[in-house]
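The values are calculated or read from the model by the stated rules, or taken from the named source; none is laboratory data. Being a predicted model, the structure only gives us computed values, none of them experimental. Positions of Cβ are backbone-derived with ideal geometry, glycine not excepted, and every protein chain shown enters the neighbour counts. Side chains included, ligands, DNA and RNA excluded: accessible areas come from the protein's heavy atoms. Shrake-Rupley method; radii C 1.70, N 1.55, O 1.52, S 1.80 Å.
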Amino acid sequence: MSGTGLPDDATLMQQVAQGDRRAFLSLYDKYAARVHGLSVRMLQDGMSAEEVTQDAFLRLWTRARTFNADRGQVLSWLLAITRRLALDRFRLDSRVPPPLETENPGLDLDGLADESSRTDESRWRSLRFALADLPAEQRLSIELAFYHGLSQREIAEHLKIPLGTVKTRLRLGMQKLRRAWAIDPIQAGRR
Amino acid sequence: MAHKEQELLGAYVMGALGSGERIALEAHLGDCQECQAALADYEQVAEGLLHLATSVAPASGLRATLNARLAGRPGNLRSLRRPGLGRAPQVVFAALAVTLLVLNGALILETRRLAERGQELLAQQEASQTALALASYSTSQTAFVQEEKIWGTFVYEENFPVAVFNVWGLPPLPDDKAYQLWLFNPDGTRTTGALFRTTAAQELISILIRSPVPLGEVLGFGVTVEPETGSPAPTGPRIIGAEFEHSP
Ligand SMILES: [Zn+2]
């Protein structure tokens, strides 16, 4: 999305840190659907998800100064905050982890197309394919850990399988994702 | 051949390791560049996972709600200092300074009272001394927390990686549980600041908090109940906590 003459994210964040509401709303318009998408994915409940999305943007407003452009993108920072808020929300509600089936994340790729540069888009896309490609039990363990904040031990309890099995699934699954990430041509070109 | 520790990195970046494994792994990571490089890969994978959810537009009213809420807030008054950027000018709002003076006075009294009671162990003394040291800085800040019958103060100075949490009324826990205090990092992760227990006899306990980074880089804290050896990430409900923010 470069070349449109709009200020880049890092500049918008600086403006937000100065209390610029217009800059804030620009970031909101750009990323609200991404943030909300993650909230919904994690909480699977529209009401709670909306609260988390709202909280995430309030954090963006109050914490803009802590954002460090050298350490990554605004969107990643915002999504990391969203994940943390959603996990807090789980604990607050003492929620049971979600049903055992996992949505196949490879089915819908449309959501990735918006608002991200082509480079990032292709990286996420290859990761998404790799995740979809995992054996279902590996993918499920990763989803329970990452999107629902369960420890290895909690996953074992939840799935009623031995801890060692969970460790193996997480290890194999994450190794495959790492490999998929590493052979991404763009990513490889950076090394 | 890759180190065996690398097998744990996937679970580690998702916060899924038990505390024993996590601590051992972090100790190894501190000395091993090869595993640090592998960790960087896994961190990118974890970052990538954040981006996989399908976009969903929130209700259209949310934008207006946020905009209205922002109108009532003066934005980010807090000036966070990062190491290496030098000290920001030591400007403190007058009202805040007065509050802090009164507060620091109270803190010194409280700390002395603590010491006089002589009931506390070395850890308590260390916490008290740190509280005293913090009280001597005019730039020290205090976050107040209250949750029903529990209340406390979190005293810190933005440039220091230590702080003191004074808390009243935390109920004693069963033997296999402990309180774990978490520091909130800007990237959404949690770092353990302290693991502690209380006894029925202690109305007040002062906990020394150690942070890997100056407290100015920490967004807030929370206390949860965890297994006695601690957890890698919060699992129990939050008992008490606060975000660090200047009042306007
Ligand atoms: Zn190593």
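Some notes on this structure:
- Summed over the range B:16-45, residues that are at the interface with chain A (Cβ under 7 Å from one of its Cβ atoms) and either open to solvent by 10 Å² or more (accessible area, probe 1.4 Å) or among the aromatic types (Phe, Trp, Tyr) (or both) total 4.
- So A:Leu75, is it modelled with pLDDT of 60 or more and under 24 Å from A:Gln15 (Cα atoms): yes
- Considering the conditions (1) part of a helix (DSSP H, G or I); (2) surrounded by fewer than 22 Cβ atoms within 10 Å (Cβ to Cβ), A:Leu144 is excluded by exactly one of them, (2).
- Selection from the range B:215-230 of residues that are open to solvent by less than 10 Å² (accessible area, probe 1.4 Å) and within 21 Å of B:Ala143 (Cα to Cα): B:Leu215, B:Gly216, B:Val218, B:Gly220, B:Phe221, B:Gly222, B:Val223, B:Thr224
- Check on A:Arg89, of a type outside the set (A, V, I, L, M, F, W, C), at pLDDT below 90 and within 30 Å of B:Glu243 (Cα to Cα): yes
- Subset tally (residues that are among the acidic types (Asp, Glu) and at pLDDT 85 or above) for the range A:92-135: 1
- Taking the listed residues B:Asp175, B:Asp187, the one that is open to solvent by 10 Å² or more (accessible area, probe 1.4 Å), touching a helix residue (DSSP H, G or I) at 6+ places or on another chain (Cβ under 9 Å) and at pLDDT below 85 is B:Asp187, with no other qualifying.
- Of the helices (runs of 4 or more DSSP H) entirely within the range B:1-71, those holding at least 2 residues that are within 16 Å of the ligand (Cβ to nearest atom) occupy B:9-13, B:19-31, B:33-50.
- Scanning the range B:190-213 for residues that are farther than 30 Å from B:Ala46 by Cα, part of a loop (DSSP other than H, G, I, E, B) and open to solvent by less than 30 Å² (accessible area, probe 1.4 Å) yields a single hit, B:Thr198.
- Among residues of the range B:176-222, those that are among the β-branched types (Val, Ile, Thr) and within 17 Å of B:Gln146 (Cα to Cα), counted: 2
- Taken over the range A:155-177, residues that are surrounded by fewer than 22 Cβ atoms within 10 Å (Cβ to Cβ) and either without any contact (Cβ under 8 Å) to a residue 40 or more places away in the chain or not in a helix (DSSP H, G or I) (or both) amount to 12.
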